[in-house]
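The values are calculated or read from the model by the stated rules, or taken from the named source; none is laboratory data. All values derive from a computational prediction rather than experimental measurement. Positions of Cβ are backbone-derived with ideal geometry, glycine not excepted, and every protein chain shown enters the neighbour counts.
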Amino acid sequence: MAASKIPGWVTAELFEDLLKANVEGFSKVKSFKADSGSAAGENYATIMLRVNIEVELQGKSRGRSSRIKSDFPPLDGKSKPVSYMVKLPHQLEMFQEMMKRTNIFDIERTMYNQVVPEIEAIYEEVGVDITFGARSYDLKNAKTDYVALEDLGVKGFKNANRLEGFDQAHTERVLQKLAQWHAASAVRVTTKGSYTDILLDGLYKEENRPMMTEMMKGIGSNFVKSCPTYEGYEVFIDKVKALQPVLIDKMFDFAKVDPMEFNVLNHGDSWSNNIMFQYDAFGKIKEVYLVDYQLPKYGTVAQDLLYFLISSTKLEDKLSKFDYYIKVYHENLVEHLKILKYSKPIPSLRDIHLALFKYGFFGYTVATGVMAAVLLDPTDTASFENFVGDTEAGLAFQMQLFNSPRFRKHIQVIMPWLLNRGALDM
């Protein structure tokens, strides 16, 4: 992001209270730089900044209690580098319109400030130490909506390769983390009642229906246009065409919660770039964190499972190991529901598979939506505006999404699989 695009109010002064509270021995800011925190195509929904600050430290007798918890304890020397990630809203009219109806910044700050700590505390109560994501901070004089977070890169966290897709080791660790999150989120409802309204519906509020219909129209028609270039498209093209007029209705049907089923607070946006890994010296996965808690949705576990497994696993494993991966998830779910003494009936493996069949249509929306973005080579035309827009640039970008060689390989195996599972039926 060019320096001119960084909002003028993102300054050193904005972070001073935060630094005083979290950097042991803070004296003053020596240098401050804000830059883009993600390349084109790596983050669509928000603007991401990485803020790098060099902090000057006080002398040895700092007068600060050593018992104060510090995110950035002083090193030997007179200064220390500190960094944060800051998410800001797009200023596009379309995005602003969406924010009036569903403020994803309010949602994400609620998740980081209330829900994530609450979920972690549920494990603490039974003596299990599990962390689900980055620490969040308040910026008192921010001029727009924002989310401020610790920079996980400092702790060695990074994304795995989205283009290659996750191998079995990465996939199993993510499924374990999702199962841990789902288990505690279900327990939380039994002990504390329902989540707040802004977390229950996600984007699926009735007032969002016209906007979502408009946004999906172009994407849907461009996918239909691309289908004849896919090998074997003849078997599914009629069903795909028939789905287009009712796509949003079916998505809203999917979003309805059946109280007789096992329901959880889904992460809601569990694709590869929203999952970060920390590795040991031998390259083995030490820890997994989920990031981007802006689209949570209470309901069936099928949402997170279909979203993650279809969008982010490697092609060789995507379908051949699908049932095995559901078993891995279920084993972890059962283990953690038992650890947390879940008071309701624990879902069987069969229950989870039945949910995946019942809500299979959601897999189609993942394959023709987020999966296309995950598999696209880095490009400067990748943006929120082009992903959902009907401008000439937007239409060109959407055709690019559906016609990349990598996407073609995936969609040619996924569409027959969805068809054979009944996921494309009206």
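Points to keep in mind about this one:
- Phe357 being crowded, with 22+ Cβ neighbours inside 10 Å, closer than 28 Å to Phe252 by Cβ and in the same structural domain as Met211 (by TED's automatic domain parsing): no
- The stretch 293-342, residues that are basic (Lys, Arg), buried (at least 18 other Cβ atoms within 10 Å of the Cβ) and either in contact with an Asp or Glu (Cβ under 9 Å, 6 or more places away or on another chain) or free of Cβ contacts under 8 Å to residues at least 40 places away in the same chain (or both): Lys297
- Enumeration of residues in the stretch 371-426 that are hydrophobic (A, V, I, L, M, F, W, C), in contact with a Gly (Cβ under 7 Å, 6 or more places away or on another chain), more than 20 Å from Trp271 (Cα to Cα) and modelled with pLDDT of 85 or more: Ala423
- Residues that are under 22 Å from Leu295 (Cβ atoms) and out of contact with any Pro (no Cβ under 8 Å at 6 or more places or on another chain) within the stretch 107-121 comprise Glu108, Arg109, Thr110, Tyr112, Asn113, Gln114, Val116, Pro117, Glu118, Ile119, Glu120, listed in sequence order.
- Whichever residue in the stretch 134-192 is in a helix (DSSP H, G or I) and among the charged types (D, E, K, R) and, among such residues, is surrounded by the fewest Cβ atoms within 10 Å (Cβ to Cβ): Lys192
- Residue check for Glu207: assigned by TED's automatic domain parsing to the domain that holds Tyr329, modelled with pLDDT of 95 or more and charged (D, E, K, R): no
- Filter result for Ala393 (in contact with a Pro (Cβ under 9 Å, 6 or more places away or on another chain), in the same structural domain as Cys227 (by TED's automatic domain parsing) and part of a helix (DSSP H, G or I)): no
- Scanning the stretch 29-69 for residues that are among the basic types (Lys, Arg) and either within 20 Å of Pro89 (Cα to Cα) or at pLDDT 90 or above (or both) turns up Lys30, Lys33, Arg50.
- Sole residue being in the same structural domain as Glu231 (by TED's automatic domain parsing) and assigned to a loop (DSSP other than H, G, I, E, B), chosen from Asp380, Asp304: Asp380
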